[in-house]
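What follows draws every value from the coordinates through simple rules; no lab data is involved. In this text the structure is predicted, and so the values were computed from the model without any measurement. FYI the Cβ positions are ideal-geometry reconstructions off the backbone, even for glycines, and counts take in every protein chain you see.
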C-alpha cells in the first residue's frame with residue numbers, strides 16, 4: 001500500500017476527492033473516543049506517505065481463526081479476548097459492520113460535509 005500511494009501520490013492529491021479506510025480488529029470500540037483512537041494507525045500510515053485524503057475510516061474486519069497458524073491464532077485470540085471479542089477458534093468470525101461501510105460510501109458519494117468520516 002505504501003508503494004502504491006507513494007507512486008501515485010500526485011494523482012491522489014490532485015483528485016477532486018479521495019478517501020481511505022482500513023479493516024482493523026481494534027475498530028470495534030463502543031465509544032467515539034475509542035473509535036478515534038482506532039484511527040491512529042490509519043493516521044500514522046497517511047502521515048508516513050504524506051497523503052491527506054478528505055475521508056478516512058476504520059472498520060472491523062474478520063477474525064479468520066481457521067486460516068491462522070497456531071501461534072497467530074493464539075495471539076489473535078488474546079487480542080480479541082482483551083477487547084471483549086469472540087474467542088471461539090473453531091470458526092471464523094465476521095465483525096464488519098456493513099451499515100457503517102455503506103454510510104461511509106454514501107457520505108463520500110454525496111460529499112456529506114457533516115460526515116464523521118470527513119477530515
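The table below gives the values:
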{"quantity": "Cα→Cβ-extended label distance, 7 Å offset, between residue 71 and residue 116, nm", "calculated": "3.7"}
{"quantity": "Length-normalised contact order of the range 6-75 in % [C-alpha pairs under 8 Å, at least 6 apart]", "calculated": "42"}
{"quantity": "Pairwise FRET efficiency - residue 98 versus residue 11, Cβ, R0 = 30 Å, nearest 0.05", "calculated": "0.55"}
{"quantity": "Relative contact order of the chain, defined on C-alpha pairs under 8 angstrom at six or more residues apart (%)", "calculated": "27"}
{"quantity": "Helix 70-82 vs. the chain, principal-axis angle (Cα, 0 to 90°, nearest 10)", "calculated": "80"}
{"quantity": "Tilt relative to the chain, helix 98-110 - C-alpha long axis, 0 to 90 degrees, to 10", "calculated": "0"}
{"quantity": "Among (1) 1.02; (2) 0.98; (3) 1.09, the entry derived from the coordinates for Rg/Rh (Cα atoms, Kirkwood Rh)", "calculated": "(1)"}
{"quantity": "Cα long-axis angle, helix 2-14 against the chain (0 to 90 degrees, to the nearest 10)", "calculated": "30"}
{"quantity": "Residues 13, 1 arranged by fewest to most Cβ contacts within 10 Å", "calculated": "1, 13"}
{"quantity": "Label-point separation, residue 18 to residue 91 (7 Å along Cα→Cβ), nm", "calculated": "4.1"}
{"quantity": "Value at 222 nm in deg cm²/dmol, rounded to 500, when DSSP H runs of n ≥ 4 in the chain each add -39,500 (n - 2.57)", "calculated": "-14000 deg cm²/dmol"}
